[in-house]
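What follows is a short report on a single structure.
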Amino acid sequence: MSSDSLSPEAAALDPERLPRHVAIIMDGNGRWAKKKLLNRVKGHEKGADAVREAVNTCREIGISYLTLYAFSTENWQRPRMEVDALMALLKKFLHTQAEELRANNIRLHTIGETDRLPDDVRQALEHVLSQTRHNDGLHLILALSYGGRSEIIHAVRGIATEVEAGRLSPNTIDETLLSGKLFTCGIPDPDLLIRTSGELRLSNFLLWQLAYAEFHFTPTLWPDFGKEEFVRILADYQQRERRFGQVDSDQAT
Ligand code: FPP
């Protein structure tokens, strides 16, 4: 963690107890816009600014992986105008951030059914994925056209096909094997999940991967989510005791 540009609160975080992977459900863009009597798309635009700030915060503090739920499989059912606006925003983000990601040693990844994205967005995505593939600083993972249940079904189908072909015995199927068939193959499970806007649910996000994550729900609407609150949540995370289903060491006897 480089402490020169950090606020005192961020510099006070224990670098040994940072979450390695933070996942965020960025919720509340629509309500933010409605409160200000603006079109929902304005909320998403402001949300894109909050994305940039969250990425910078992770980079400055030294978080290794940040996964953002940017578009769910269910989001395709939103009005056409809103879907188009979200796709346009994503494309703009990729164009405007490509150089910044490259310069800041950030590697972009995606999880989800990205083949469902419009051609122009897919091309922009491919370009940035390829441009940043050698970076080894922050891993930024965008969940796009992502759904946790369909991810698991996809993985199970792959495993069933291998069993059917006789390449795999059912007895050898374990957690490591299934994890390796998910979109997140090679990415460690999130340690901390944050959801903004006060909703207390997972909405089909990383259902397998969040098994042992710490959860933090905040009433803040995503466009208002900034560095200060992010740092407070990280400080709160550092106070938690993670037991992964086991008992405290002092209660073990
Ligand atoms: C949820 O708010 C947010 C989304 C469905 C999309 C998230 C998109 C962004 C933050 C901006 C673009 C992203 C990138 C990566 C550039 P909502 O619309 O469900 O809000 P509501 O629940 O208040 O209606």
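The values are calculated or read from the model by the stated rules, or taken from the named source; none is laboratory data. Everything numeric in this text was worked out from a predicted model, so none of it was measured. Don't worry about glycine lacking a Cβ; one is built from the backbone with ideal geometry, like all the others, and counts go over all protein chains shown. Areas reflect the complete protein model, heavy atoms only, side chains present, ligands, DNA and RNA absent. Shrake-Rupley method; radii C 1.70, N 1.55, O 1.52, S 1.80 Å.
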Leu206 vs. criteria more than 16 Å from the ligand (Cβ to nearest atom) and either outside any strand (DSSP E or B) or open to solvent by 60 Å² or more (accessible area, probe 1.4 Å) (or both): no
Segment 73-99, residues that are touching a residue at least 24 places away in the same chain (Cβ under 8 Å) and under 23 Å from Glu60 (Cβ atoms): Phe93, Leu94, Gln97, Ala98
Arg40, sole failed condition from (1) within 16 Å of the ligand (Cβ to nearest atom); (2) crowded, with 18+ Cβ neighbours inside 10 Å; (3) closer than 26 Å to Asp189 by Cβ: (3)
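Out of the residues in segment 72-82 that are in a helix (DSSP H, G or I) and more than 10 Å from the ligand (Cβ to nearest atom), state the one that is most open to solvent (accessible area, probe 1.4 Å). Even if it seems obvious, please write down each step before you answer.
Step one: list which residues in segment 72-82 are in a helix (DSSP H, G or I), which gives 73-77, 80-82.
Imposing the further condition that a residue be more than 10 Å from the ligand (Cβ to nearest atom) reduces the set to 73, 76-77, 80-81.
Working: Thr73: 24, Trp76: 58, Gln77: 152, Arg80: 177, Met81: 116 Å².
Filtering first and then ranking leaves Arg80.
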Test: residue in segment 145-163 that is over 30 Å from Gln239 (Cα atoms) and part of a strand (DSSP E or B): yes
Hits in segment 89-115 - residues which are assigned to a helix (DSSP H, G or I) and surrounded by 16 or more Cβ atoms within 10 Å (Cβ to Cβ): Leu89, Leu90, Lys91, Phe93, Leu94, Gln97, Ala98, Leu101, Arg102, Thr114
From the options Glu229, Glu175, residue that is acidic (Asp, Glu) and within 26 Å of Gly245 (Cα to Cα): Glu175
First in segment 186-201 and part of a loop (DSSP other than H, G, I, E, B), second anywhere and of a type in the set (Gly, Ala, Ser) and within 10 Å of the ligand (Cβ to nearest atom), Cβ under 7 Å, 6 or more apart: Thr196/Gly28; Ser197/Gly28
Residues that are of a type in the set (Val, Ile, Thr), surrounded by fewer than 21 Cβ atoms within 10 Å (Cβ to Cβ) and closer than 17 Å to Thr220 by Cα, drawn from segment 184-203: none
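Going by what's in this entry, would Asn135 be described as under 30 Å from Ala10 (Cβ atoms), touching a Leu at 6+ places or on another chain (Cβ under 9 Å) and open to solvent by 50 Å² or more (accessible area, probe 1.4 Å)?
So Asn135 fails the test.
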